[in-house]
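The structure appears below as structure tokens.
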Amino acid sequence: MNHNRKGRTLGREKAPREALIRNLAQSLILYENVNTTLAKAKEVRPFVEKLITKAKVKSLTTRRTLHRTLSMDSAVNKMLEEIGPRYKDRAGGYTRIIKLGRRLGDGAEIAQIQLVQDVEKKEAPEAKETVKN
């Protein structure tokens, strides 16, 4: 039975898998898009989205919490200074996964995970009134 099994092992033990997810999340934060395998992208998505939700509130506690997870100061600063305020009014769904096809060497599915860029909401054009003569 497969009860209480959550997440993907990605062919690694616990500590290397956690390091992989943290490093991938850090790269995603710094570069805002990363090409990786589909399984890794799906695994890192909830991890990054929880970090962005925390970064919406800029405080010392948040900084320390993010620093516990992300080892680079530049990644923590970018989260609090740029990414957190960017998604302040967004309720969730900060990342997008785009499938890119299969890798030539081993046939693994490759995907790009990226941070969603908010496009300013365009107002619907007003209906023109018709004038009858």
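For the reader, a short list of remarks on this structure follows.
- Paramagnetic reach from His67 (point 7 Å along Cα→Cβ, amide N under 11 Å) across region 77-111: 77
- Segments 3-13, 21-31 sorted - mean Cβ within 10 Å per residue, highest first: 21-31, 3-13
- Sorting 65-76, 45-56 by their mean Cβ neighbour count within 10 Å, with the most densely packed peptide first, gives 45-56, 65-76.
- Short-range pairs are left out: with C-alpha atoms under 8 Å and at least six residues apart, the relative contact order of region 14-115 is 36 percent.
- A cut-off of 5 Å between modelled amide H atoms, ignoring neighbours fewer than 5 places along the same chain, links Thr95 with Val116.
- Computed over the chain, Kirkwood Rh from alpha-carbon pairs, angstrom: 17.0
- Entries in Lys56/Lys99; Lys6/Lys50; Lys6/Lys56; Lys6/Lys40; Lys14/Lys40; Lys6/Lys42 that, when Cα-Cα distance is taken, lie over 23 Å: Lys56/Lys99; Lys6/Lys56
No lab work stands behind these numbers, since they all come straight from the coordinates. Please read these numbers as outputs of a predicted model, since none were measured by experiment. Positions of Cβ are generated from backbone atoms using ideal geometry, with glycine treated the same way; all protein chains shown enter the neighbour counts.
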